[in-house]
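Trainee: Please read through the structure below; I'll follow up with questions.
What follows is calculated from the coordinates using simple rules that are stated; it is not laboratory data. Everything quoted here is computed from the prediction, not taken from an experiment. Counting neighbours? That spans all protein chains shown, and the Cβs are built from the backbone with ideal geometry, glycine included.
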Amino acid sequence: MQAQQISIFLENKAGRLSEVTRILSDAGVNIRALSLADTSDFGVLRLIVDDNEKAENTLKQGGFTVKTTPVVAALVNDRPGGLHGILDLLTRNGINVEYMYAFVQQSGDNAVMIFRFDKLDEAARILSENGVEIIDGDRLYAM
Amino acid sequence: MIFNIEYETMPREALESIQLRRLQATLSRVYAAVPFYRKQLDDAGVKPGDVRCLSDLSRLPFTTKQDLRDNYPFNMFAVPMDNVVRIHASSGTTGQPTVVGYTARDIDTWAELMARALSAGGATRGDIIHNAYGYGLFTGGLGVHYGAEKLGASVIPVSGGNTRRQVIIMKDFGPSILTATPSYSLHLAEAAEEMGVSFRDLNFRFGVFGAEPWSESMRREIEEKLHLKAVDIYGLSEVIGPGVSIECHEAQKGLHIFEDHFIPEIIDPETGQPLPWGETGELVITSITKEAFPVIRYRTRDITSLNPEPCICGRTMARMNKVSGRTDDMLIIRGVNVFPSQIESVLMEIKGVEPHYQLEVDRKDNLDILTVRVEISDAAFSDEVKELQRLSETIGNNIKETLGVSASVKLAEPKTIARSEGKAARVIDRRKL
């Protein structure tokens, strides 16, 4: 049900983001989705890649602080209210979204959203039970 | 004006005989009352009675900040607690403060020395003194306060902070003497300007600035912006607090040390050998009138030189030059002593934080800004921004709580802070004094 996301700590200075992309490119790792959360001092880069292990190892060797975090990838109807339906469902069930971002690619008529919840397993279960399709890791990385 | 003509203008020969008598009395007392000093002298094979002239002082062992820390909190006191009427403390190198005590007579001595100092800085009994040194465990506020009252001046105990209110008080009460750290005085000048208050319209004549190092160019800036004559004051809580030495406003050239209470020496910080007049080295002070907390050959770690030449102000007391640096890695941030090792012990206490850090000191708008860069370890890293922000807040709060100084905390990528390059790499001081 879950997918893994790679998170990287970045200082806010020139060239750090491109250093990450250089390392991944040299290792032949493909970035499937990304989001960058930033403050005035630092940023956290979150990536969905096609090879987690390789990405984590090469980035660590490159001197970065790296962590893998479980996330949920869900299909969202690509029409007005599609995302709202999901968020509304979660709110009614007392689930908090810590952060979310969109996948680069579409899947048919659906958008793919990556979610990080405070109660991850419960959220995935509620979404499934209510007919929201969850994409597991292997399928996601290969998309 | 000279507050105590008899002592402050005493011929050197007479002064030295008083010094010797007081030194001998102090040594007998600490030998009898303070186990630390008894052991120090015994280990050195010296008895208090062996000191027969002032040059015998160099036979005595040094006392260091570490010694004071080892005797935390009261073991260096030379009188029973019944006779201690005041306790002050300054920060130490591991977060453990250095505690000092005063008898009623010590407080009186201190007030006398601060009255002398304020007089040398231009104050008289008719003045109103705006005292912006912090009141509390720090000796600055209360030191000036008691001296001002002894002098008979009117003191406004405004303490530090609340700058806008300070400007209003300066405008409405018309103080003529300002006592503050030099950096805070410039901060006051800026706040006044923002509020549309010009120091030209204020009543200030003189300012007595200390508790942190400052340069001649900063003096010129202060004198120009605050429209007053600025003098330097020196002191440290281990010795008594402010009032160890003071510049006279007539010469503004070197700080007269109150040698009837303190014997200064300059030593080579490496060999510990005394250096002759005029040579630059570490200042070592022996207090010869303190009752509760005498210090014998205390190593101040401050670098300066001594000048015995007579001064145009009439004082015969030797002058020390402005302190030009430190022999250790202590930083003075907004008047607060900060050792890198203190920051390190704060970091070590926070789970997941590794002691790879760097201190950056800047001066913005005339206030010292301390930035602590801390490398983030895998253990402390969270992919949630709010967790990371909470971590830097915790570090900042703990530093503030332990050291009493605000720091802005910046999380850094691993291995971006230089390793094992000694203490210098720990600190980047960009302040231009």
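Trainee: For chain A, what does the relative contact order come out to in percent, with C-alpha contacts under 8 Å and a separation of six or more?
Mentor: Relative contact order for chain A comes out at 29 percent.
Trainee: To the nearest Å, what is the center-to-center distance of the range B:344-404 and the range B:219-237, using C-alpha atoms only?
Mentor: A separation of 33 Å, based on Cα centres.
Trainee: Also: Within 10 Å of each Cβ of A:66-76, how many other protein chain Cβ atoms are there on average? Please list the in-between numbers first.
Mentor: Numbers: counts 4, 5, 1, 3, 0, 1, 0, 0, 0, 0, 0.
Partner-chain Cβ atoms within 10 Å, mean over residues of A:66-76: 1.
Trainee: If the cut-off is a Cα-Cα distance under 20 Å, which aspartates and glutamates reach B:Lys351, setting aside same-chain residues fewer than 8 apart in sequence?
Mentor: Counting by Cα, and skipping residues close in sequence, B:Lys351 has these aspartates and glutamates nearby: B:Glu375, B:Asp378, B:Asp383, B:Glu384, B:Glu387, B:Glu393, B:Glu401, B:Glu413.
Trainee: For the range B:100-141, what percent of Cα pairs sit more than 10 Å apart?
Mentor: I get 76 percent for the Cα pairs in the range B:100-141 exceeding 10 Å.
Trainee: How crowded by other chains is B:370-383, given as the mean number of beta carbons from other chains within 10 Å of each beta carbon? Each step should come with its number before you reach the end.
Mentor: On the way: counts 0, 1, 0, 2, 0, 2, 4, 2, 6, 2, 2, 8, 5, 17.
Mean shielding by partner chains, rounded to a whole number: 4.
Trainee: Once the Cα gyration tensor of chain A is diagonalised, what are the square roots of 5 times its eigenvalues, in whole Å and ordered largest first, as equivalent ellipsoid semi-axes? The partial results should precede the final answer.
Mentor: On the way: eigenvalues 156, 53, 36 Å².
Those come to 28, 16, 13 Å.
Trainee: About the Cα centre of the range A:3-68, how large is the charge dipole given +1 on each Lys and Arg Cβ and -1 on each Asp and Glu Cβ? Please answer in debye to the nearest 20.
Mentor: Computed charge dipole of the range A:3-68: roughly 20 debye.
Trainee: Now for a different question. Specify the residue with the greatest mean-square fluctuation among A:Thr58, A:Thr91, A:Thr69, computed from a Gaussian network of chain A linking alpha-carbon atoms under 10 Å apart.
Mentor: Comparing A:Thr58, A:Thr91, A:Thr69 in the GNM, the peak value goes to A:Thr91.
Trainee: If you stretched the chain out fully between B:Asn162 and B:Arg12, how much longer would it get, using 0.36 nm times the residue separation minus the C-alpha to C-alpha distance?
Mentor: Numbers: separation 150, 0.36 × 150 = 54.00 nm, distance 4.53 nm.
Gain in length upon complete extension: 49.5 nm.
Trainee: Determine the shielding of peptide B:406-415 by partner chains: average, over its residues, the number of Cβ atoms on other chains within 10 angstrom of each Cβ.
Mentor: Mean inter-chain Cβ contacts per residue within 10 Å come to 4.
Trainee: To continue, here is another question. What nm value, rounded to one decimal, do you get for the distance between B:Arg86 and B:Ala104 when each label is placed 7 Å out toward the C-beta?
Mentor: Label at B:Arg86, label at B:Ala104, 1.4 nm between them.
Trainee: Take B:Ala33 and B:Gln273, extend 7 Å from each Cα along the Cα→Cβ direction, and tell me the distance between the two endpoints in nm.
Mentor: That separation, rounded to one decimal, is 3.6 nm.
Trainee: Distances longer than 30 Å among the Cα atoms of chain B: what percent of all pairs is that?
Mentor: Tail fraction, whole percent: 45.
Trainee: Please identify which residues in the range B:270-301 have an amide N closer than 19 Å to a label point set 7 Å out from the Cα of B:Cys53, following the Cα→Cβ vector.
Mentor: B:274-277
Trainee: Report the per residue volume, in Å³, of the convex hull enclosing the C-alpha atoms of the range B:36-192. Intermediate results must be reported in sequence, preceding the final value.
Mentor: On the way: hull volume 24.4 nm³, N = 157.
Hull volume over Cα atoms, normalised by residue count, gives 156 Å³.
Trainee: Residue farthest toward the positive end of the dipole of the range B:336-429, with Cβ of Lys/Arg at +1 and Asp/Glu at -1: which of B:Ala412, B:Pro355, B:Val338?
Mentor: Positive-most Cα among the choices belongs to B:Val338.
Trainee: Could you work out [θ]222 nm for chain B from helices alone, using -39500 (n - 2.57) per DSSP H run of at least four and dividing by all its residues? Round to the nearest 500 deg cm²/dmol.
Mentor: -9500 deg cm²/dmol
Trainee: Now for a different question. Calculate how large, on average over all directions, the projected area of the Cα convex hull of the range B:152-221 is; give the answer in nm² to one decimal.
Mentor: 4.9
Trainee: Under the classification rounded if a/c is under 1.5, otherwise prolate if a/b is larger than b/c and oblate if not, where does the range B:310-433 fall, given a ≥ b ≥ c as square roots of the Cα gyration tensor eigenvalues?
Mentor: Prolate, because a/c is 1.5 or more and a/b exceeds b/c.
Trainee: For a quick check, take a GNM of chain B with Cα springs below 10 Å and name the residue from B:Gly152, B:Gly281, B:Gly235 with the largest mean-square fluctuation.
Mentor: Evaluated over chain B, the most mobile residue of the options is B:Gly152.
Trainee: Moving on to the next point. Subtracting the Cα-Cα distance from 0.36 nm times the residue separation, let me have the gained length for A:Asn12 to A:Ala102 in nm, one decimal.
Mentor: Additional length available on full extension: 30.1 nm.
Trainee: Okay, moving on. Let me spell out the model: positive unit charges on the Cβ of Lys and Arg, negative unit charges on the Cβ of Asp and Glu, origin at the Cα centre of the protein assembly as shown. What dipole size does that give, in debye rounded to 20?
Mentor: 1180
Trainee: Give me the number: length gained by fully extending B:Val385 to B:Glu401, i.e. 0.36 nm times residue separation minus the C-alpha to C-alpha distance, one decimal in nm.
Mentor: Length difference between fully extended and current span is 3.3 nm.
Trainee: Can you give the % of DSSP beta bridges in the protein assembly as shown that are antiparallel, to the nearest 5?
Mentor: Details: 75 of 100 bridges.
Bridges in the protein assembly as shown that DSSP calls antiparallel: roughly 75 percent.
Trainee: Let me ask something else about it. Taking a spot 7 Å from the Cα of B:Arg220 along the direction of its beta carbon, which residues of the range B:234-272 have an amide N less than 17 Å from it?
Mentor: Inside the label zone: B:252-253.
Trainee: Counting pairs of alpha carbon atoms under 8 Å apart in space and at least six apart in sequence, what relative contact order in percent does chain B give?
Mentor: So the answer I get is 14 percent.
Trainee: Helix-derived [θ] at 222 nm for chain A: sum -39500 (n - 2.57) over DSSP H runs of at least 4, divide by residue count, nearest 500?
Mentor: My calculation for chain A gives -9500 deg cm²/dmol from helical runs alone.
Trainee: List the aspartates and glutamates whose alpha-carbon lies under 13 Å from that of B:Lys322, not counting same-chain residues fewer than 8 positions away?
Mentor: B:Glu212, B:Glu216, B:Asp232, B:Glu247, B:Glu282, B:Asp302
Trainee: To continue, here is another question. If you consider only alpha-carbon coordinates, what radius of gyration and Dmax does the protein assembly as shown have, in Å?
Mentor: That works out to 31.3, 101 Å for Rg and Dmax.
Trainee: Okay, moving on. Taking R0 as 35 Å, what's the FRET efficiency between B:Ser345 and A:Lys119 from their Cβ-Cβ distance, rounded to 0.05?
Mentor: 0.40
Trainee: Between the range B:262-279 and the range B:176-209, what is the C-alpha centre distance in whole Å?
Mentor: The range B:262-279 and the range B:176-209 have Cα centres spaced 37 Å from each other.
Trainee: Could you give the dipole magnitude of chain B about its Cα centre, charging the beta-carbon of Lys and Arg +1 and that of Asp and Glu -1, in debye to the nearest 20?
Mentor: Working: 50 positive and 59 negative charges, 98 e Å.
Charge dipole, chain B, about its Cα centre: 480 debye, nearest 20.
Trainee: Give the lysines whose C-alpha is closer than 16 Å to that of B:Lys229, dropping any in the same chain fewer than 8 places away, or say none.
Mentor: Here the lysines satisfying the reach criterion relative to B:Lys229 are B:Lys253.
Trainee: Further question on the same structure: Would you mind getting me the FRET efficiency between B:Asn4 and B:Ser198? Use the beta-carbon distance for r and R0 = 35 Å, nearest 0.05.
Mentor: 0.45
Trainee: So, one more: How far apart, in nm, are the 7 Å Cα→Cβ label points at A:Arg22 and A:Gln61?
Mentor: Distance between the two pseudo-spin positions: 1.6 nm.
Trainee: Here's something else I'd like to know. Among DSSP beta bridges whose residues both lie in chain B, state the antiparallel percentage, nearest 5. Walk me through the numbers before you get to the answer.
Mentor: Values: 41 of 66 bridges.
Restricted to chain B, the bridges split so that about 60 percent are antiparallel.
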